[in-house]
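Note sheet for the following structure.
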Amino acid sequence: MITKKVNNPEEVVDFYKTQIKNYGYFQDAGLISKWIIDKSYSEEEINKFLNILEKVIIKIKENGLK
């Protein structure tokens with residue numbers, strides 16, 4: 001879990017939440033967000049999400065692990 005293993009976890013979590021909200025495919029589901037996969041997505045759309053994950057990894061590396 002990010003909050004227990006990363007320095008400044010709020011920054012990483014807030015960054016991720018902002019990114020997926022801007023991505024447009026995630027829906028709020030209480031305390032979490034879900035991507036309801038109910039159609040085919042283009043390679044570009046999938047790569048856009050993978051790019052978000054890469055940015056989160058970079059953010060984690062910048063903040064360091066506990």
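The values are calculated or read from the model by the stated rules, or taken from the named source; none is laboratory data. All values reported here derive from a predicted model rather than from experimental measurement. FYI the Cβ positions are ideal-geometry reconstructions off the backbone, even for glycines, and counts take in every protein chain you see.
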Residue under evaluation residue 31, criteria (1) of a type outside the set (S, T, N, Q); (2) over 15 Å from the mean Cα position of the chain (by Cα); (3) at pLDDT below 95, criterion not met: (2)
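State which residue is surrounded by the most Cβ atoms within 10 Å (Cβ to Cβ) when the search covers only the range 34-58 and only residues that are outside any strand (DSSP E or B) and basic (Lys, Arg). Spell out how you get there, then give the answer.
The first filter runs over the range 34-58 and keeps only residues outside any strand (DSSP E or B), leaving 36-58.
So of that shortlist, the ones also basic (Lys, Arg) come out as 39, 48, 55.
On the way: 39: 6, 48: 15, 55: 13.
Step by step, filter the range 34-58, then rank; the result is 48.
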Residues of the range 12-33 satisfying the condition of being over 18 Å from residue 54 (Cβ atoms) and either in a strand (DSSP E or B) or in contact with a Pro (Cβ under 8 Å, 6 or more places away or on another chain) (or both): 27, 28, 29, 32, 33
Going residue by residue through the range 1-11, is there one that turns out to be loosely packed, with under 10 Cβ neighbours inside 10 Å and either in a loop (DSSP other than H, G, I, E, B) or modelled with pLDDT of 95 or more (or both)? yes
